[in-house]
Amino acid sequence: MNGVIDKDWWRGAVVYQIYPRSYQDSNGDGIGDLDGIRTRLDYIASLGADAVWISPFFKSPMKDFGYDVSDYRDIDPMFGDLAAFDSMIEHAHALGLKIIIDLVLSHTSDQHSWFAESSSSRDNDRADWYVWADAKPDGSPPNNWLSIFGGPGWSWHSTRCQYYQHNFLSSQPDLNFHNPLVQDAMLDVARFWLERGVDGFRLDTINFYFSDQQLRDNPALPPEQRNADIAPAVNPYNHQNHLYDKNQPENIAFLKRLRACMDEFPAATAVGEIGDAQYGMDLLREYTAGEDRMHMCYTFDFLCPEQPTATRVAKVLEQFEADAPDSWVCWAFSNHDVVRHASRWGLAAPSAIPHLKMLASLLMSMRGSVCLYQGEELGLPEADIPFEKLQDPYGIAFWPKFKGRDGCRTPMVWDSTKLNAGFSDATPWLPVPDTHTTLAVDKLEGVSDSLLEHYRRFIEFRRSQPALIKGTLERIQVIDKLLTFQRTHNGTTIYCAFNMSEQPVRCDVDSDQPLALLPNTGFDAALEERTLVVPASGAAYVTLG
Ligand code: BGC
Ligand code: MG
């Protein structure tokens, strides 16, 4: 960009998410690593992505596969070392790709030296760096808070003879953000990576940083409101209204400190992951308001089982435009925590590929930025992992009603002719299913009507249309199974239409301006006078004026 820094690069960016254990193994241990990622960056650049989000690769005992950090300033040896990180990011930048890393600030691993110190006595220098509390007189935990991964949200520590809080595993103790020194330590971590050249952060569980200092009990939720995104029925965590174990108002002041730290750097961005079924929209609005909090938040609206019908998508978009018009959201259909959308929405059969193409284009046409999860560009279905091979502690706890997250974390499939589809020469940490090998990159690359080539073609088309990247969104309409809306930027308006039905649909474009059908979208749409013909499971883009 001729040396001009685009501070706003993240607005409308396409971010490709890598789960590093499963992208590419370079050293034959069956686990993906940073050198492996480096060798695959050309592929990501060839998709047309703007940035890469890499799930955690910091030093970790891997109880939650890296979301349990024991040293924020080092790379886990299984993934490489800092030199491997530096050369990976250098290669990414040479290709024009930004690097977003995943900061897990809410909790550490119990192997972190801070926890060792904090748990050693009640009066050490880090005694209140974690959330410690005495037992109730009857010995039970201080309140009713639960862990998402099962059981109480408190574990007993026999050295301090106190309980410590954890929202996830007992080996993921929750930090006490009420202590300004904890905040300072985390800002130093952010600065460490920004100085190393990262372009931004995905902030894990951003609404979990603070819990109520009075340790009040969470109230119960009536059964009809237990509408959590993941494992809704089987997990008692979803029986509570999480008023006190997360979502605390004090978080805003910390987010402002974090933003100020990021603003010391020319163009860093942050996308916060809000995990909350009740207050998600309110938090998103609060966390992204103005210019002094987070840039974007990540939502679960399309990571849930509910089908993205025309009516449902319109409802979500309308709600955002009404309730958070000034916010910038990051949309996703799949990630490392949920069932892959091809399976979740019943679109895993080859006959559903047109529908997956249309949905991919819809995802990249909404107002916001986008995360694509490794393998979704191949249409990978959820892998079926038998109990004996399960790795995810969440799945092990709630099997068989909830099978956990291994099914979306299996290795990326590169080359159908190679062992383990080219992921590794060794037995991979999770198996490569046969149903995936047949969808490997070598099978789809260069095949004009493949899903992979659709992602490439559509991202290229989108790059040529600033209205689809940065534009406002208005005039959302549902006509039977057709969803339409308009995107406008710098005087250009694009009318977008998505046909969720299996029949072509004709619709009159609701405008008296001159119309032009945009080519190179990958869809066979037609414009007959003022009537748009949108193909079955297809989309159409028309400029107005
Ligand atoms: C991550 C999960 C992780 C959890 C605890 C999240 O929401 O995406 O993979 O298990 O936070 O860190
Ligand atoms: Mg390896």
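The values are calculated or read from the model by the stated rules, or taken from the named source; none is laboratory data. Remember, it's a predicted structure, so these values are computed and weren't measured experimentally. Methodologically, a virtual Cβ is constructed for each residue, glycine included, from the backbone with ideal geometry; neighbour enumeration extends over all protein chains shown. Protein only, heavy atoms only, side chains kept; ligands, DNA and RNA dropped before computing areas. Shrake-Rupley method; radii C 1.70, N 1.55, O 1.52, S 1.80 Å.
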- Message: What whole-number distance in Å separates the alpha-carbon centres of the range 316-344 and the range 437-483?
- Response: 16
- Cα-based Rg of the chain normalised by 2.2 N^0.38 Å, two decimals: 0.97
- Which residues in the range 421-443 place their backbone N less than 19 Å from a point set 7 Å from the Cα of GLN391 along the Cα-to-Cβ direction? 421-437
- Task: Find which of LEU473, PRO386, GLY80 sits farthest along the positive direction of the dipole of the chain, computed with +1 on the beta-carbon of Lys and Arg, -1 on that of Asp and Glu, about the Cα centre.
- Result: LEU473
- Query: Modelled label-to-label distance, PHE402 and ASP123, 7 Å Cα→beta-carbon offset: nm?
  - Reply: 4.2
- Ranking SER113, SER416 from most to least accessible area with a 1.4 Å probe gives SER113, SER416
- Chain lengthening between ALA426 and SER351 when straightened (0.36 nm per residue, less Cα-Cα): 23.6 nm
- Part-to-part distance (alpha-carbon centres) for the range 361-399 and the range 273-290, which is given in Å: 22
- Relative contact order computed over the chain (Cα-Cα under 8 Å; 6+ residues apart), in percent: 13
- Note on the structure: SASA check, TYR237, accessible area w/ 1.4 Å probe, all protein chains in place, rounded to nearest 10 Å², comes out at 10
- Task: Report the charge-dipole magnitude of the chain in Debye, nearest 20, computed about the Cα centre from +1 at each Lys and Arg Cβ and -1 at each Asp and Glu Cβ.
- Result: 620
- Paramagnetic reach from ARG257 (point 7 Å along Cα→Cβ, amide N under 18 Å) across the range 170-192: 174-192
- Heavy-atom accessible area of THR417 with all protein chains present, probe 1.4 Å, nearest 10 Å²? 110
- Task: Specify the inter-centroid distance of the range 104-121 and the range 172-251, based on alpha-carbon positions, in whole Å.
- Result: 16
- Query: Label-point separation (nm) for ALA135 and GLN503, each offset 7 Å from Cα along Cα-to-Cβ?
  - Reply: 6.8
- Task: Mind running the shape call on the range 357-432? Use the C-alpha gyration tensor, a ≥ b ≥ c as the square roots of the eigenvalues: rounded below 1.5 for a/c, prolate if a/b tops b/c, oblate otherwise.
- Result: oblate
- Message: Probe radius 1.4 Å, ligands and nucleic acids left out: which of TYR43, TYR244 has the largest accessible area, and how do the rest follow?
- Response: TYR244, TYR43
- Query: Quick one: with all protein chains in place, what share of the accessible area of the chain is carbon or sulfur, to the nearest percent (1.4 Å probe)?
  - Reply: 50
- Once you sort the root eigenvalues of the Cα gyration tensor of the range 79-170 as a ≥ b ≥ c, which label holds: rounded (a/c under 1.5), prolate (a/b larger than b/c) or oblate (the other case)? prolate
- Item | Cα lying deepest toward the dipole's positive end in the chain, options THR205, GLN165, ALA440, charges on Cβ | ALA440
- Note on the structure: SASA check, TRP156, accessible area w/ 1.4 Å probe, all protein chains in place, rounded to nearest 10 Å², comes out at 120
- Note on the structure: Once THR427, THR108, THR472 are ranked on solvent-accessible area with the largest value leading and a 1.4 Å probe, the list reads THR427, THR472, THR108
- Item | Other-chain or far-sequence residues with amide H under 5 Å of HIS107's (modelled H) | LEU175
- Message: For LYS136, give me every one of the lysines with a C-alpha distance below 23 angstrom, ignoring sequence neighbours fewer than eight places off in its own chain.
- Response: LYS246
- Could you pull out every residue, at least 5 positions away or on a different chain, whose amide H is within less than 5 Å of the one on TRP331? Hs are placed 1.01 Å off N in the peptide plane, and Pro or chain starts have none. SER369, VAL370, CYS371
- Filter on LYS63/LYS389; LYS59/LYS389; LYS315/LYS470 - keep pairs with C-alpha separation over 18 Å: LYS59/LYS389; LYS315/LYS470
